[in-house]
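As structure tokens, the structure follows; a few thoughts come after it.
The values are calculated or read from the model by the stated rules, or taken from the named source; none is laboratory data. The structure displayed is predicted, hence computed values, not measured ones. Glycine also receives a Cβ, built like all others from the backbone with ideal geometry; neighbour counts cover every protein chain displayed. What goes into the accessible areas is simple: the full protein's heavy atoms, side chains included, and nothing from ligands, DNA or RNA. Shrake-Rupley method; radii C 1.70, N 1.55, O 1.52, S 1.80 Å.
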Amino acid sequence: MAAPRRGDHREIYELVRNATGVDGATNATGALNVETHQLPTARQLQAVKAIGKRSRDNVRSLYQAIMERMSFPSSHVRVCCLELIETLFGRSSAFRRLACDRLDIFMARAVLGELPSPPAYANELRHRALACLRRWNREFGAVQPKLGLACRHLENLGMFAEMDDGEDGEGAREGEGARDGAGGASGASGAGR
């Protein structure tokens, strides 16, 4: 990877803020107006991927900026952050390592405890974050064992019981097989990424 360019850090924080942003999406009282605020656009997601490819320092800055925004007291903003996390998690081993090293922070801001309003977005955030954790465990659990630990912890708390038994239920069973060493294909695909 190339050395970080001067100004990348500021560009990263502005990009993350705009993609998850509140700018221009607040009403007169300063509350988030979710009717006017959308998820990150394809162009914003592409820009996030492109700036992350420039250097490991940029990946670190992206992780820090996203997790900072994940502390914003709005589940809608956090859903937008999750969109960025999903984009980077599957494409960058450096981002995966950072995220898995600090998985407790992600879980606290997206799954556990009382999530901020609006309630519809809080439910969406929790559901999507749980689905992501299962999928990530299935795909990367062989090389990131903290994902398996997190999924077992959440399962023990009954967090997955709220989810549908469709694709996510099958994914959890596959992930358990990979964790136990029985899921050869799942473990092999995660190791190569």
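When 64, 44 are screened for being modelled with pLDDT under 95, more than 20 Å from residue 114 (Cα to Cα), open to solvent by 30 Å² or more (accessible area, probe 1.4 Å) and part of a helix (DSSP H, G or I), only 44 passes.
None of 174, 124 is more than 19 Å from the chain's Cα centre (by Cα), over 22 Å from residue 94 (Cβ atoms) and modelled with pLDDT under 95 except 174. Within the range 72-87, the set of residues being of a type outside the set (Val, Ile, Thr) and open to solvent by 10 Å² or more (accessible area, probe 1.4 Å) comprises 72, 73, 78, 83, 86. Set side by side, the residues 133, 149, 115 differ, and just one is in a helix (DSSP H, G or I), of a type outside the set (Phe, Trp, Tyr) and more than 15 Å from the chain's Cα centre (by Cα), which is 149.
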